[in-house]
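Q: Let me begin by handing over the structure; questions about it come next.
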Amino acid sequence: SAKIIHIASHARSGTNTENDLPRILMANDTLYSKGIEDIKFNTDLAFLSACETGLGKVIHAEGVMSLARAFFGAGVKSVISTLWEVNDRISKDQVIAVYKNLLKGLSKPDAIRIMQMEYISNVQRGQYALPYYWASYQCQGNTDAIFNPPSDYLTKVLGILPIVSFSFIGLTFYLLRKSLERINF
């Protein structure tokens, strides 16, 4: 029932042989896509920070049999997955940037897009500027924001202040007029 499941591990897409299944390689075990589908989640997001988690065999009239699909089958509402192998060092920084954006109240695709734009603007020219290093993450499923943006109480107060001020001024003039009518001024 966690809001987010985050998996940072090694994974395989299961596209090498006929009986090859998508899987997550854990320290002492392997979690196959069929095993994931047997688990029932009530989770907003599965963030699969591992290689090729959005890839799998394409089955006619069924689609891509990927790890992302397995999490959907288990009840997860949205999945952030990868389209190819990712660089561990660069991926770590990108994942942190996506989470920072999610905490700001951005939608999942916007959180990824802003991470990508920041990466592109900060990377030096050369090999690491290639899309291979920044374009692997994708979001599928529910794209809504997970978190509400942090409240800026000062902005809210300043936004309400003119309404309260005009209301107070209007009430003052109304009461002044009523008082003058009683005096028959």
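Q: Ratio of alpha-carbon Rg to the 2.2 N^0.38 Å globular estimate for the range 77-152, to two decimals, please.
A: Computed over Cα atoms of the range 77-152, the ratio equals 1.12.
Q: Report, please, the projected area of the range 59-114 averaged over directions, based on the convex hull of its C-alpha atoms, in nm².
A: Numbers: hull surface 19.9 nm².
Result: a mean projected hull area of 5.0 nm².
Q: In addition: Points 7 angstrom from Cα along the Cβ direction at ASP93 and VAL58: gap in nanometres?
A: About 3.4 nm, to one decimal.
Q: What chymotrypsin sites (Phe, Trp or Tyr not before Pro) does the range 69-148 have in DSSP loop regions with at most 16 other beta carbons within 10 Å?
A: When the chymotrypsin sites (Phe, Trp or Tyr not before Pro) of the range 69-148 are filtered for loop state and at most 16 Cβ neighbours within 10 Å, TRP84, PHE147 remain.
Q: Here's something else I'd like to know. Divide, for the range 1-153, the radius of gyration over alpha carbons by 2.2 N^0.38 Å, where N is the residue count. Show your work: numbers first, answer last.
A: Working: Rg = 15.8 Å, N = 153, 2.2 N^0.38 = 14.9 Å.
The reported ratio for this selection is 1.06.
Q: Roughly speaking, what % of Cα-Cα pairs in the range 2-57 are separated by over 15 Å, rounded to a whole number?
A: Values: 789 of 1540 pairs.
Cα-Cα pairs in the range 2-57 separated by more than 15 Å: 51 percent.
Q: Multiply the residue gap between LEU103 and ILE120 by 0.36 nm, knock off their C-alpha separation, and tell me the result in nm, one decimal place. Walk me through the numbers before you get to the answer.
A: Details: separation 17, 0.36 × 17 = 6.12 nm, distance 2.13 nm.
This chain segment gains 4.0 nm when fully extended.
Q: Using alpha carbon centroids, what distance separates the range 19-87 and the range 105-122, in Å?
A: 23
Only the coordinates and a few stated rules stand behind these numbers; no lab work does. Note that the coordinates shown come from a computational prediction; the quantities given were computed from them, not determined experimentally. Every residue, glycine as well, gets a Cβ built from its backbone with ideal geometry; the counts of neighbours run over all protein chains shown.
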